[in-house]
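Structure first, commentary second.
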Amino acid sequence: MSKFLLRNTIIDLLMRIEQDSGYSHLLINNEIKKRNISPKDEGLLTEIVYGTLQRKITLDYYINHFVTKKLEKWVSVLLRMSIYQMVYLDKVPDHAIIHEAVEIAKQRGHKGISSLVNGVLRNVQRKGVPDTSEIKNDVTRLSVETSHPEWLVKRWIDLYGLQITKDICRANLNHKPISVRVQPLRITREDAVDNLMKQGYDVEPSPFSPQGIVVKKGNVIKSDLFKDGYVTIQDQSSMLVAEMLKPQPGMHVLDACSAPGGKVTHIAEKMQNNGVIQAHDLHKNKIKLIEQKANDLHLSIIDASPLDARKLKEKYPENTFDRILIDAPCSGLGVIRGKPDIKYNKQKEDITKLATIQIEILNQAIPLLKRNGFLVYSTCTIDQEENEKVVERFLQANPSFSVDSSFFEELPEFLQDSLGVTKYGLQLFPHSYDTDGFFLTRLKRR
């Protein structure tokens, strides 16, 4: 694919993600498959799209230093992606970036637009970008420097203080290492590590789970182990869920919000593919994702079907399950590094609505738990309203339940005194262990 066509594709992708609030990772994957983009171009496309999204507020601050009038959407996108490459990448020389941008402006617009694009980019090349240290307000400066909406920066400062908020925002700009989970019924972690290292991957065991492997270098999706279902992609923080749920072979388990199936397949592996797991998701089309992942990993005990988790009591009698997982629908503010569009698409009101749904699901699920059973509640967000506050509200309304004190003792030792431990559970921050931001806790009857 020519560089001209590649950059036009990037513009179209960025506009679709912004206009439709589309899921960036899905749109990128679909575009790569549809256009049969080469691995070399795939890397550049992914880098520019994700990088431009991650730095959008910063890039707009730079653009506004040189342009005072309102720009058409595609012109803003073209300038963002071009300045991103000039400031943050060194793969392509500035003159080539400017030339391609001007040619695209000529094709999509008119001479005046191409002159404007040329002028802005030449100014960036000559003068550099404006210094953000001149911004006096702490919240505004951090918002611009790390490209997080001001309301979100202020919210995190109110919750965690300025320094932790700085650490969160800066971590969200960095790539995190991919991690995989071995299918222990098919291969040991030691053999998987040896196999991957022989193939040239730089890997190490994860401290979060005895099944986890951190891939520090190399595209593990291209490996034979991944293609043949010996390992599957899963963030280290997510691996904690099945570890702390403590499922045993022969148990009856419920995963109420299961798609795309990473956690439920881990649970099935911990059960040695012996027992029954009821896996549900609100969206019918996502049930196939669960079934496909179970099939890829040679697991047969997962019964997946669509169901709104707010109607669990209509389907199951009380005291049905030995273990219950509520990996609740949430704002996703812990996974911004991998899905940067999330930070622009969420609002305060969304968090409040989600917290209400989370409480409803917990209230539906808890009567279904057997007397000596465990329920794990988890989210991939770092917002207290969806995490600690949900647990607190639930326990106040259900005094016969409590946070299981042994949960804290059974955490991996390095997590037991970590920054995010509270009486309501464990909050992982993206900067603490180079993982997703994640919350989990374990509930039981008193």
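The values are calculated or read from the model by the stated rules, or taken from the named source; none is laboratory data. Please read these numbers as outputs of a predicted model, since none were measured by experiment. No Cβ is skipped: glycine too gets one built from the backbone with ideal geometry, and neighbour counts run over all protein chains shown. Note: areas computed on protein heavy atoms with side chains; ligands, DNA, RNA excluded. Shrake-Rupley method; radii C 1.70, N 1.55, O 1.52, S 1.80 Å.
A few points about this structure:
- Within the stretch 22-77, the set of residues being closer than 24 Å to Cys169 by Cα and of a type in the set (S, T, N, Q) comprises Ser24, Thr46, Thr52, Gln54, Thr58, Asn64, Ser76.
- Residue check, Gln358 in contact (Cβ under 8 Å) with a residue 24 or more places away in the chain, surrounded by fewer than 17 Cβ atoms within 10 Å (Cβ to Cβ), in a helix (DSSP H, G or I) and out of contact with any Phe, Trp or Tyr (no Cβ under 7 Å at 6 or more places or on another chain): no
- One residue from Gln54, Gln85, Gln107, Gln125 being open to solvent by 50 Å² or more (accessible area, probe 1.4 Å) and either among the β-branched types (Val, Ile, Thr) or under 18 Å from Leu13 (Cβ atoms) (or both): Gln107
- Those strands (runs of 3 or more DSSP E) of the stretch 157-230 in which 1 or more residues are charged (D, E, K, R), buried (at least 18 other Cβ atoms within 10 Å of the Cβ) and within 23 Å of the chain's Cα centre (by Cα) occupy 178-182.
- Taken over the stretch 233-249, the criterion of being surrounded by fewer than 21 Cβ atoms within 10 Å (Cβ to Cβ) and either of a type in the set (Ser, Thr, Tyr) or assigned to a strand (DSSP E or B) (or both) is satisfied by Ile233 alone.
- Some residue of the stretch 80-97 being closer than 23 Å to Thr132 by Cβ, among the basic types (Lys, Arg) and modelled with pLDDT of 85 or more: yes
- Residue, least open to solvent (accessible area, probe 1.4 Å), within the stretch 390-434, restricted to residues that are of a type in the set (S, T, N, Q) and in contact with a Gly (Cβ under 9 Å, 6 or more places away or on another chain): Gln427
- Options Gln272, Gln292: the member that is modelled with pLDDT of 95 or more, assigned to a loop (DSSP other than H, G, I, E, B), out of contact with any Gly (no Cβ under 6 Å at 6 or more places or on another chain) and open to solvent by 30 Å² or more (accessible area, probe 1.4 Å): Gln272
- The lone exception for Glu318 - which of (1) open to solvent by 30 Å² or more (accessible area, probe 1.4 Å); (2) in contact (Cβ under 8 Å) with a residue 60 or more places away in the chain; (3) outside any helix (DSSP H, G or I) it fails: (2)
- The residues listed here are Lys353, Lys389, Lys444, Lys370; of these, the one that is touching a His at 6+ places or on another chain (Cβ under 9 Å) and either assigned to a helix (DSSP H, G or I) or at pLDDT 95 or above (or both) is Lys370.
- Where a residue in the stretch 403-417 is closer than 16 Å to Arg445 by Cα and its partner, wherever it lies, is surrounded by 11 or more Cβ atoms within 10 Å (Cβ to Cβ) and polar (S, T, N, Q), with Cβ under 8 Å and at least six apart: Val403/Thr441; Phe407/Thr441
- Condition met for Gly332 (open to solvent by 10 Å² or more (accessible area, probe 1.4 Å) and among the small types (Gly, Ala, Ser)): no
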